[in-house]
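Just so it is clear, none of the values below were taken in a lab; they were calculated from the coordinates. Remember, it's a predicted structure, so these values are computed and weren't measured experimentally. With ideal geometry, Cβ positions are generated from the backbone for all residues, glycine too; neighbour counts draw on all protein chains shown.
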Amino acid sequence: MSVTPLSVQPLLAAVAEARAALARVGDLQPLYLSTAEKERLLLEASALAAQVEELRLRALGDAGDVAAVHGARDAGVWLAHAAHLDPVATRADLKLARALGERPAVAAGMRTGAVNPAQARVIAAAVADLPAALGPEVRADAEARLVAYAGEFGPVELRRLGRRILDVVAPEIAEGELARRLEAEETAARERASLTFRDLGDGRSRFSGVLPRAGVERLKGYLDAFANPARPDPAGPGDDPNREANPDLARTPLRRRRAWVFLELLEPLDPDRLPEHGGDATQVSVTVGLAELRADLAAAGVLADDGDQAISASEARRLACQARIIPVVLDGRSRPLDLGRSARLFRPAQRVAARLRDHTCRAEGCAVPARWCHLHHEDPWSRGGSTDLDRAVTLCGFHHHRIHDHRYTHQSMASGEIRFHRRP
C-alpha cells in the first residue's frame, strides 16, 4: 500500500497555500483601502476564518489516533498542549467537532463561510436540545432552518430562535415541550445556584454567584426602580439636595447606584423574621469605648459569626438605628459598661406608623418612598436616647449615612424636613 507524500495531500496543500498567501500580504496595512474595500475585507476575512475553523474542527473530530499515539486523553487535550492553547477552549472545540459530524448542514455552512463558529455552536446545541422522540426528518428540518437564519441573525438571536424552533417544525408539541424545558431549567438553576464571598482587606468584600434568571431579573427591577439611568440627574439612592458638595454624583455609573440601592434593600430586613441558629437570633455585637462612641472620628469592633472586623464609630451608630445590633459599650478598662438590647430597634408597628406619617424620606428634596427607608433615632442611643416614634426620623439609606457623617451638619426645618450642610 503506497502512501501519498504529505506535500501533495490536498488538505495540507490548501492550508500551506493559504498561509503562504497571507504571509505575502503580512506587511501590508489596510490604511489605504477605501471604505468599501475595508468592508469587503472584513466580511471576506470573517468568512475565511469560518472556513478555516471548520477544517480544523473536521480534523480534530477525526484525530483520536493522534491522541492515542501521544498517550493523551483525547485530541483536544493533545492539541491544547501541542499548540499552547487553552484546554477549556479545546475541550469545547472537540465537543463542537463531534457535533458537526452529526450536523452536516451546519458543517456545510461553515465550509462556505455562511455560518461562523459562534453560530455553529448555537445551532448544534439547539438541535441537540430537541426532544428525543422527534424523527430524523424533523431534526434535519430544524437544523436547515437555523442554518438559513444564520444569514440574517447573530448568535444571540439564533439562540432565541432555536428555543422556539419547534413552533415551526413541530407546532403540535411546541408549547408542551417549552413548558417542560422551562421547568427543568428553573429546577436546575435553583439546584446549582451559588454565592461566594471574599474579604478584600480594604473595607470592601467581593461576592459573586450564579442565580436563577427570574430571581436576578426581579432583583434588577427592584434596584433599577431607584438606580434607573433614565432618571433625570440621578444621584444614587435618594437625590442629594447639596449637589454642589457632590458634583460627581450626577455622573455616577449605574453599577455603583445599583450597589447603593442593594445595600438599602438589605438594611431594612426585619430581624424578627431572620432564622435562628446556635440558639439565638442572628445578630452582630459592636464593641466600642464610650468616649469613642461619642466622638466624630473613632473605630469600633464588630463580633460577627465569621470573625472580628472593624468599622467606624459613626457606622456603628448608624447600624444601631436599623439592624439587630447589640451595642457593647466599654469603659476605660475594656469592661462591658452597657450591653444594649435589640429592643432598641423600632418595632414593626412603629415602622408602619412612620410610613403612614412620612410617606417619603424626610431629607429635603428626597422622594424615596418610606417603605425603602430606615428609621433614625433623633436622640442617639449612644447618648441615652429612647426608641419613641415621635423621635424617629424616616431617612433613605443615602441620607441615613449622611446624618451620621461627621463632615455634615443638619437641621430640622419648619416643614419637618431635614436640611444638610457640609462643614466648612
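Listed values, structure above:
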item	result
Segment residue 70-residue 137, extension gain: residue separation times 0.36 nm, minus the distance between their alpha carbons	20.2 nm
Those residues of the range 105-130 whose amide nitrogen sits under 17 Å from the label point placed on residue 62, 7 Å along Cα→Cβ	105-112
Separation between Cα centres of the range 14-45 and the range 51-128, rounded to whole Å	25
Estimated FRET transfer efficiency (residue 208, residue 182; beta-carbon r; R0 45 Å; 0.05)	0.95
Sites residue 111 and residue 192 - FRET efficiency at Förster radius 41 Å, r taken between beta-carbons, to 0.05	0.65
Charge dipole (the range 96-182, unit charges on Cβ, about Cα centre) - positive-most of 146, 168, 97	97
Set of the range 124-140 residues, backbone N closer than 20 Å to the point 7 Å along the Cα-Cβ line of residue 49	124
Gain in span if fully extended, residue 98 to residue 83, counting 0.36 nm per residue against the direct Cα distance	3.4 nm
Förster radius 51 Å - calculated FRET efficiency between residue 422 and residue 125, Cβ distance, rounded to 0.05	0.35
Hull-based mean projected area of the range 31-189, where the convex hull spans the alpha carbons, in square nanometres	12.2
Virtual spin-label span in nm between residue 217 and residue 173, 7 Å along Cα→Cβ	2.6
Contour minus Cα-Cα distance for residue 390 and residue 408 (0.36 nm per residue)	4.1 nm
Student exercise, the range 31-189 dipole from Lys, Arg, Asp, Glu Cβ charges, in Debye to nearest 20	320
